[in-house]
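Here the structure comes first, spelled out in structure tokens, and everything after it is commentary.
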Amino acid sequence: MTARIGVVTFPGSLDDRDTQRAIRLAGAEPVALWHKDKDLKQVDAVVLPGGFSYGDYLRAGAISRFSPVMETVIEQAKAGLPVLGICNGFQILTEAHLLPGGMLGNDHLHFICRDQKLRVENAETSWTADYEAGQEIHIPLKNMDGRYVADQYTLDKLEAEGRVAFRYLDFNPNGSLNDIAGITNEAGNVVGLMPHPEHAVEPLVGTGRTDGLPFFTSILKKLVNV
């Protein structure tokens with residue numbers, strides 16, 4: 001049976017189709033989910049894609065967090081459903097309190113778009129198992145509100161528990177504390193990051209590398225082995 005991975009579309013999402021393509025390339029079946037529907041259509045995992053949902057009004061992800069679909073996503077994520085938040089999806093996950101901390105505007109106050117070098121810090125989550133801890137990868141980054149912040153207690157807890165999933169290398173593009181590019185929850189089923197792995201799955205486009213594809217093959221293997 002083919003694994004089915006849902007991709008939620010919010011008003012203002014712009015990377016949902018790219019994410020669906022990445023899922024298909026990994027060998028799974030992408031399932032389109034609409035933000036107003038609570039029904040997740042019995043998918044095996046969910047991706048909250050990048051974009052500017054609701055125009056980033058109030059705060060990035062603050063309105064989307066209250067979309068009907070998120071009620072079900074939150075409930076099922078707490079029960080173990082794998083959930084990946086990419087860029088705006090990461091912002092939504094923090095607003096929904098599925099991941100700690102929050103996102104603020106880039107410290108240089110400008111939108112940034114670049115190929116970003118990262119280090120994989122945690123290769124034991126549902127979405128990172130096809131990487132190796134310490135592996136260096138290149139993933140496209142594009143954001144205006146990508147500065148990860150948290151209080152010192154939360155930062156210390158994330159570091160002590162190995163819940164920093166990815167860290168920026170060579171250059172911190174947005175002022176994120178501890179150079180954090182992505183984190184995971186305690187169970188390892190919920191992961192959020194600001195860079196866009198769905199834009200690094202084919203050598204013809206994006207970075208010209210396929211460093212983002214293991215996100216989607218990792219979850220596929222996780223689901224097959226459950």
Where labels lie 7 Å past Cα in the beta-carbon direction, separation of LYS78 and PHE171 in nm: 4.1 nm
With the full set of protein chains in place, find how many percent of the accessible area of segment 85-226 is carbon and sulfur; take the probe as 1.4 Å. 51 percent
Measure of exposure for ASP179: accessible area at 1.4 Å probe, Å² rounded to 10, is 60 Å²
Counting only heavy atoms of protein chains, what accessible area per residue, in Å², does the chain have with a probe of 1.4 Å? 43 Å²
7 Å from Cα along Cα→Cβ at both GLU124 and ASN178: what's the point-to-point distance in nm? 1.6 nm
FRET efficiency for ARG24 and ASP156, using Cβ-Cβ distance with R0 set to 35 Å, rounded to 0.05: 0.30
Which of [x] 22, 20, 18; [y] 43, 17, 16; [z] 34, 19, 16 gives semi-axes √(5λ) of the Cα gyration tensor in Å as computed here? It is [x]
Distance cut-off 28 Å, Cα to Cα: go down the list LYS78/LYS222; LYS41/LYS142; LYS41/LYS222; LYS41/LYS117; LYS41/LYS78 and report the pairs above it. LYS41/LYS142; LYS41/LYS117
Looking only at the chain, where both bridge partners belong to it, what percent of the DSSP beta bridges are antiparallel (to the nearest 5)? 55 percent
Go from 0 up to the bin containing the longest alpha carbon distance in segment 93-226, width 10 Å each, and give me the % of pairs per bin. 13, 44, 35, 7, 0
Within straight cross-link reach of LYS38, meaning Cα distance under 15 Å, which aspartates and glutamates are found once same-chain residues fewer than 8 apart are removed? GLU71, GLU75
Efficiency by 1/(1 + (r/R0)^6): what FRET value for THR210 and CYS113, r their Cβ-Cβ distance, R0 = 25 Å, to the nearest 0.05? 0.80
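The values are calculated or read from the model by the stated rules, or taken from the named source; none is laboratory data. Not measured: the values here are computed from a predicted model. Please note: Cβ atoms are built from the backbone with ideal geometry, for glycine as well, and neighbour counts cover all protein chains shown. When the accessible area is computed, the model is the full protein with side chains, heavy atoms only, and any ligands, DNA or RNA have been set aside. Shrake-Rupley method; radii C 1.70, N 1.55, O 1.52, S 1.80 Å.
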